[in-house]
Amino acid sequence: MTELKLRTPAQAQHDYSLSPLEDSGWSTVPTVDDLSDGEFSTNYRDAMRPVLFRNGCAAWSACRRWSPQYFNRIAGELTIPVKTLDRSEIKLSPWKLSEYTQFLIEHLPNEDGASPRAAPYCHDIPLLGLVESLADDCKPFPKNYLTPWYRRHWWRYSQFFMGPAGTVTPLHFDTLLSHNLFFQIYGEKQFTIIPPSQATFCGRRGWRWFDVDPEQPDYVRFPKYEQATPIVITVGAGDMLYMPPGTLHHVRSLATSISFNIDFHTGQSVLDALAQADKGMPTQVAYYNAITALGVTAKIPERITFPLYRPYLSYVS
C-alpha cells in the first residue's frame with residue numbers, strides 16, 4: 001500500500017484567541033436519560049453547553065448490526081483511506097474495507113489492553129455518504145437536533161470512525177468550529193474534553209491541534225495546563241455526546257470501536273467561525289465555512305451547496 005505523509009504545521013508562535021466563541025462557563029458535562037428536540041436546542045446547543053445522552057441511539061438497529069464483520073459483508077470491496085495518527089504527522093494509506101475489517105478481527109491488544117502506538121485507524125471517513133443504505137440502520141435519527149440545511153440528507157454530512165482498542169486522536173478542536181453531535185455504536189471511547197476558553201493552556205500548534213497530552217501532561221513543558229479543568233467521559237455503545245464549537249477533545253478507544261459524528265453549524269456558529277478567518281484559520285477551512293453559510297443562513301439549495309461542501313468530508317488538516 002502506498003502512503004501519503006501529511007505533516008502538521010509547525011508550532012505556532014503564539015496562541016490565537018478563540019474569541020468570540022463562548023463556552024458559557026461550563027465546567028461539567030451533564031448526563032441525561034431523555035432529551036427532547038426542544039430541550040436539546042434550548043438547553044445545550046444554543047446555550048453552548050455539552051451533554052451526554054445515555055442510550056440516546058441504543059434503539060437503532062445499527063447498535064445490533066454494526067461490527068467489523070458487518071462492514072466486511074456489505075462494503076468489503078470499497079477502498080477507504082486509513083490514517084496512522086502520530087503526534088507529529090498523519091500517514092494516509094488506501095485499504096480495501098475488507099482488509100481493514102480483517103485487521104480488526106485478527107488484531108490482538110497488548111497485555112495491558114492497549115494497541116501498539118499509531119495503529120491504523122479508519123478515521124473521519126464519509127462512509128454513510130458512500131454507502132447510503134447504512135442510514136436505514138440509524139432510525140429514528142434525531143434530525144431536528146440539526147439545523148434545516150442538514151436534515152433531509154443528514155448522513156451525507158457524517159464522518160465515520162472504526163478502529164482497534166488503544167487508537168487515539170490527540171487533543172484538538174473541530175476544524176470548522178462547528179457543533180459536534182457524536183454517536184457511539186460499538187465499543188467504548190474515552191473523551192477528555194476542555195472548554196474553548198482554556199485553549200491557551202494547552203500548547204496550541206497550528207490551527208486546531210494541541211501538544212498537551214491530557215493523559216500524561218508535561219507540566220514542565222506546559223505549566224499553564226495546571227490551570228485547565230479537563231473532564232473525562234466514557235461514551236459507551238448507544239450513547240450520544242454533544243460538544244459545542246471550539247471544545248477541545250482528546251479521544252481514546254477503550255475497545256474495538258465504531259462511531260460517527262456530524263459537524264454542523266447554526267446561523268450563529270457559522271458567523272462566529274467566519275469571524276475567525278483572520279486568526280490563523282486555514283484558507284480551505286474559511287472556504288468550507290463560507291459554503292456552509294450559503295446553505296445555513298442564505299438558504300441556498302443543498303443541490304448547489306453540497307457538491308461544493310463535499311470535499312470537506314475527506315479534508316485532512
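Suppose we look only past 36 Å in the calculated P(r) of the chain. What percent of the Cα-Cα pairs does that tail hold? Before the final figure, lay out each step's value.
Working: 5927 of 50086 pairs.
Result for the distance tail: 12 percent.
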TODO: Give the ranking of T28, T84, T292 by solvent-accessible surface, highest area first, calculated with a 1.4 Å probe.
DONE: T28, T84, T292
Task: q = 0.13, 0.25, 0.27 Å⁻¹: log10 I(q)/I(0) that the Debye formula gives for the range 24-64, counting C-alpha atoms only - done: -0.32, -0.87, -0.95
Task: Rounded accessible area of K143 (nearest 10 Å², 1.4 Å probe) - done: 100
Task: Probe 1.4 Å - accessible area at L271, Å² to nearest ten - done: 100
- [ ] Using a 1.4 angstrom probe on heavy atoms only, work out the carbon and sulfur share of the accessible area of the range 120-233 in %.
- [x] 50
Open item on the list: Just to confirm, what accessible area per residue do you get for the chain at 1.4 Å probe, in whole Å²?
Closed with: 43
Task: Within the range 102-201: Cβ-based charge dipole about Cα centre, in debye rounded to nearest 20 (Lys, Arg +1; Asp, Glu -1) - done: 500
Task: Spatially proximal lysines relative to K91 (Cα-Cα < 28 Å; intrachain offsets below 8 disregarded) - done: K5, K83, K189, K279
Task: Computed accessible area, R221, all protein chains, 1.4 angstrom probe, square angstrom - done: 150
Task: For the range 219-317, with +1 on Lys and Arg beta carbons and -1 on Asp and Glu, the positive-most of L313, V270, P230 along the dipole - done: L313
Open item on the list: Straight-line reach from K299: which lysines fall under 24 Å, measuring Cα to Cα and dropping same-chain residues less than 8 apart?
Closed with: K143
- [ ] May I ask which residue of T169, Y157, F182 lies farthest towards the positive end of the charge dipole of the range 135-184, with charges of +1 (Lys, Arg) and -1 (Asp, Glu) on Cβ and the Cα centre as origin?
- [x] Y157
TODO: Give the ranking of S158, S317 by solvent-accessible surface, highest area first, calculated with a 1.4 Å probe.
DONE: S317, S158
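Please get the size of the charge dipole for the chain, origin at its Cα centre, with Cβ charges of +1 on Lys and Arg and -1 on Asp and Glu, quoted in debye to the nearest 20. Don't skip to the end; give the middle numbers.
Numbers: 29 positive and 32 negative charges, 144 e Å.
Once rounded to the nearest 20, the dipole reads 700 debye.
The values are calculated or read from the model by the stated rules, or taken from the named source; none is laboratory data. Predicted, not measured: the structure shown is a model, and the values here were computed from it. For neighbour counting, all protein chains shown are included, and Cβ atoms are generated from backbone atoms with ideal geometry for every residue, glycine included. SASA here: full protein model, heavy atoms, side chains in, ligands and nucleic acids out. Shrake-Rupley method; radii C 1.70, N 1.55, O 1.52, S 1.80 Å.
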